[in-house]
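First comes the structure, then the notes that go with it.
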Amino acid sequence: MALDFGTSTGGFSHWAKTSGLEIVLYVLGGLIVARFLSWVGNRITDRIDLNYQEGDALVRSEATKHRHALAQVITWVLITIVYVLVTIEVLQRLGFAVSSLVAPATVLGAALGFGAQRVVQDILAGFFIITERQYGFGDVVSIMAVGAGESALGTVEDVTLRVTRLRSSDGEVITIPNGQIVKVVNLSKDWARAVVDVPVPTSADINHVNDILRTVGREAFADLDLEPLLLDEPSVMGVESIEVDTVNIRMVARTLPGKQFQVGRELRVRVAAALGRDGIFVGPELAVDQPGEEHR
């Protein structure tokens, strides 16, 4: 039964001093608690990030990424619960019997169930993303969504139960509902691989080129600046493809997660310089960054 203020001004005045004041206090209290929870959540995530930045680790550990994402999700859930509880209390002060709304709420819930399928799907998908540690804050990912013409590539800035937010290389913020995600390529989980394809003229001595590339790999692994990013010595896989006037020789290196782009650029510079000293000029493809390299 909705609230009846009565016909007298005194009735409304009495309601304003009792239930009306309680409604105002509940709303203000709910906003304050929500802001406090948001502040605590931000402090926790900042502490997690600070521990990483002040530590000796070159990249975030999977546990750090998971803790950051989990803190964001828990904060979001707690704030949602606060808003729901405040709404229930306000409805009671307005004269609505919450218990009498169970039956209508059931019907309304069934109706909303059909219209809110995507919301439920987003929340369930977000739950599994968090619990399965598919990706977390700071990961470089490529996400394919339903109906999207191309994948969204960027660094994860926020993961909630409903959406994932990425920051692209152009500074754009991309928001993707979790339920619409059909494919995720995590470019910075556990370890990564830098792939360098070296196009050399067909007239070049392939065995000699392989020897030069192996020397470049050994020197890179011995370099004090580059060695910490490498998990092992870069290796030469051999001829990857043969074209009309060039032969592509592939060189690969296992790196720390997210560092494959930096290592790949450094290896290309070293390979071009080493081959140039021997009079072997590589094709322009060697200078082109691989997709996604602008993120690191």
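The values are calculated or read from the model by the stated rules, or taken from the named source; none is laboratory data. For clarity, every value in this text was computed on a predicted model and none was experimentally measured. So basically every Cβ, Gly included, is an ideal-geometry build from the backbone, and we count neighbours across all protein chains shown.
The residues of the range 140-156 that are in a strand (DSSP E or B) and of a type in the set (Gly, Ala, Ser), listed by number, are SER142, ALA145, ALA152, GLY154.
Go through the range 157-169 and count every residue that is free of Cβ contacts under 8 Å to residues at least 40 places away in the same chain and part of a strand (DSSP E or B). Residues that pass the stated criteria total 5. If I filter the range 252-261 for residues that are outside the structural domain of VAL141 (by TED's automatic domain parsing) and free of Cβ contacts under 8 Å to residues at least 24 places away in the same chain, do I get at least one hit? No, that holds for no residue. Take the range 170-210 and flag every residue that is in a loop (DSSP other than H, G, I, E, B) and free of Cβ contacts under 8 Å to residues at least 60 places away in the same chain. Within the range 170-210, ASP170, GLY171, GLU172, THR202, SER203, ASP205 qualify.
If you go through the range 190-244 and pick out every residue that is loosely packed, with under 14 Cβ neighbours inside 10 Å, more than 37 Å from the chain's Cα centre (by Cα) and of a type outside the set (Val, Ile, Thr), you end up with 7.
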